[in-house]
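Right, one structure below, let's go through it.
The values are calculated or read from the model by the stated rules, or taken from the named source; none is laboratory data. Note that the structure is a prediction, hence the values are computed from the model and not measured. Note that we place each Cβ from the backbone using ideal geometry, even for glycine, and neighbour counts take in every protein chain shown. SASA here: full protein model, heavy atoms, side chains in, ligands and nucleic acids out. Shrake-Rupley method; radii C 1.70, N 1.55, O 1.52, S 1.80 Å.
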Amino acid sequence: MIFGTSDSGVADPARDDGVPLLDEIRAGALFGGRSALAARGRATVSARVSAGLLGGADGDRAVRTARNASYAP
């Protein structure tokens, strides 16, 4: 998954209905800033990890990358 120009090195897992994680995160846009984007990312990643669609370490890496990515509103 790529956040801004930062590649997390993690695949973008889709739910059973075919919705990729990044699309689900972006569905919450426009974000009020980096912290809002990071919060949406954490919640979405946590749901994917809980559903067994993403490993915990990969989820942590994706959230860390999103948190550190460039943000332009």
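Please give the per residue accessible area of the chain, computed with a probe of 1.4 Å over protein heavy atoms only, in Å². Kindly include the intermediate steps, with their values, before the conclusion.
Values: 4170 Å² over 73 residues.
Each residue of the chain exposes 57 Å² on average to a 1.4 Å probe.
If amide hydrogens are placed 1.01 Å from N in the peptide plane, which non-local residues have theirs closer than 5 Å to the one on SER6?
SER70
Let me spell out the model: positive unit charges on the Cβ of Lys and Arg, negative unit charges on the Cβ of Asp and Glu, origin at the Cα centre of the chain. What dipole size does that give, in debye rounded to 20? Walk me through the intermediate numbers first.
On the way: 9 positive and 8 negative charges, 72 e Å.
So the dipole magnitude of the chain works out to roughly 340 debye.
Taking a point 7 angstrom from the Cα of ALA57 along the C-beta vector, which residues in region 3-41 have backbone N less than 15 Å away?
9-11
Over all directions, the average projected area of the alpha-carbon convex hull for the chain comes to how many nm²?
With the hull built on Cα positions only, its mean projection is 4.2 nm².
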